[in-house]
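The values are calculated or read from the model by the stated rules, or taken from the named source; none is laboratory data. Quantities reported herein were computed from a predicted structural model and do not represent experimental measurements. As a convention, Cβ positions derive from the backbone with ideal geometry for all residues, glycine included, and neighbour counts pool all protein chains shown.
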Amino acid sequence: MKSWIPIFRRLFPASLYRLEASVIEKYSKDAWFASASPEVVCFPKNVRQVSALLKFAHQYRIPVTARGAGKGYVGGCVPVKGGIVLSLEKMNRILEINPEDGVAVVEPGVITGRLQEAVKKKGLFYPPDPASLKDCFIGGNVATNAGGPRCLKYGVTRNYVLGLEVVLADGTIVNVGGRTMKNKTGFDLVGIFVGSEGLLGVVTQVTVRLIPHPQSRGAICAFFGTATQAAQGVQMILKAGFLPATLEVADRLTLEAARKALGRDRIPPANAYLLVETDGTESAVRSDLKSIQKILYDLKPERIEKAYGNQATERLWELRRQFSASLKATGMKKLNEDIVIPRSRLVELFKFSEKIQKKFGIPVASFGHAGDGNIHVNLMVDPTDPKQRKNADEALDFLFKQVIAWKGAITGEHGVGLAKMPWWKIAASSELRALHRTVKKALDPKGILNPGKFV
């Protein structure tokens, strides 16, 4: 037993924490494969309890790893140095929805999809839409600056965070930003904490910007013989002056997996897929769909499906949402990478994925957000083949170095965490890494917040 545990148990009520092995095991990992056991898991219900826990941890130099829903793909909340896991799941209240100000105030344990449904009832819209929105927490979205398909038109989490209540490493409670759309009082400290992966402070309250909910939506799904046609469709739609809510693509291997899982009658024998969604007034949506359909027909697709209205659009989205599950259904281990490339490199990326497959003997399935260049490149590894695991590491190195050479980014929405630490030094210059260390040292001088990660 760690020497600080008896002191901890004297100072804090038993209702605040758990020590059982089953709880320790559950909170030792996220959706990535790494795990590490903490000594204790705490479940604070308010900012005062978070502050008290961090004051204690700061005094005794105890590692503290904040945790949301545990849906991350990079080991970001794995407590690699042990200590305390600070679960924010009980801080799950929507404190305010204010249509007049266009804001909502929430605690970090609020499920993203729950917030979206709550504000929609008032005619409002919270656009960020990570794939796990039905399960992930707003706090986790803030920690990774989560995105999703709607980023092309609406932006990422940071574009909607107006203010934060944050507990610093020594227990100090500070409010940064506010609840106004414009605020130039001092540095952009909101921007420092959004995307900081729990390394700089623990977010205990979030004020988000809301916008009017679109009146209507519609979508077009097109299947093509080549990835080049799908990529051309993306560029032609944007060059024609349209700004769709989403532009999603998928490659041949992704479609093959979906055919096996969902049935061949649902997906034609095509090699590429493009999903376009547009939203706005009813007349604008109908007009946009008509024009976009004409653009795509000029590319001679294998099939086009069009939907107007929420229910019909959701039916088209059902296929897109099944891509990840279809790949998992193959029985292979899916290594999900969230790289970002300049949009003009889309065809090159699909060709590079085929090159990875030939070079390393690992199938690669790519799909994702073509509009902002954030593509999920999935290495499909046989879990029973130890050689493939080694080849996968080399393939990832091959992929990330090419992405950086294209002036892209190794992560667009998952974060660095543990999974991408080996490539942190090539993704960020020595000067940029030094700046990160300076900020970390200033806000967490004892290095207790989420230690063992990339900074």
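Listed values, structure above:
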{"quantity": "Qualifying positions in the stretch 281-316 - of a type in the set (Lys, Arg) and surrounded by 18 or more Cβ atoms within 10 Å (Cβ to Cβ)", "calculated": "Lys306"}
{"quantity": "Scan of the stretch 4-46 for residues that are surrounded by 14 or more Cβ atoms within 10 Å (Cβ to Cβ) and aliphatic (A, V, I, L, M), ordered by number", "calculated": "Leu16, Leu19, Val23, Ile24, Ala31, Ala34, Ala36, Val40, Val41"}
{"quantity": "Which numbered condition Leu396 misses (of (1) more than 20 Å from Leu253 (Cα to Cα); (2) within 20 Å of the chain's Cα centre (by Cα); (3) in a helix (DSSP H, G or I))", "calculated": "(1)"}
{"quantity": "Members of the stretch 126-137 that are buried (at least 24 other Cβ atoms within 10 Å of the Cβ) and in contact with a Ser or Thr (Cβ under 6 Å, 6 or more places away or on another chain)", "calculated": "Pro128"}
{"quantity": "Checking Val364 against (1) at pLDDT below 95; (2) assigned by TED's automatic domain parsing to the domain that holds Arg389; (3) within 20 Å of Glu248 (Cβ to Cβ); (4) among the hydrophobic types (A, V, I, L, M, F, W, C), the condition it does not meet", "calculated": "(1)"}
{"quantity": "Any helices (runs of 4 or more DSSP H) falling wholly within the stretch 236-350 and containing at least 1 residues that are β-branched (Val, Ile, Thr) and more than 30 Å from Val381 (Cα to Cα)", "calculated": "282-297, 310-321"}
{"quantity": "Tally of residues being in contact with a Ser or Thr (Cβ under 8 Å, 6 or more places away or on another chain) and either in a strand (DSSP E or B) or surrounded by fewer than 24 Cβ atoms within 10 Å (Cβ to Cβ) (or both) across the stretch 47-65", "calculated": "2"}
{"quantity": "Yes/no for Ala131 being among the aliphatic types (A, V, I, L, M) and outside any strand (DSSP E or B)", "calculated": "yes"}
{"quantity": "Residue identified as more than 17 Å from the chain's Cα centre (by Cα), buried (at least 21 other Cβ atoms within 10 Å of the Cβ) and of a type outside the set (Lys, Arg) among Val156, Val167", "calculated": "Val167"}
{"quantity": "So Arg158, is it of a type in the set (D, E, K, R) and under 24 Å from Glu413 (Cα atoms)", "calculated": "yes"}
{"quantity": "Test: residue in the stretch 119-138 that is in contact with a strand residue (DSSP E or B) (Cβ under 6 Å, 6 or more places away or on another chain), among the small types (Gly, Ala, Ser) and at pLDDT 95 or above", "calculated": "no"}
{"quantity": "Flag if Thr254 is of a type outside the set (A, V, I, L, M) and not assigned by TED's automatic domain parsing to the domain that holds Val142", "calculated": "yes"}
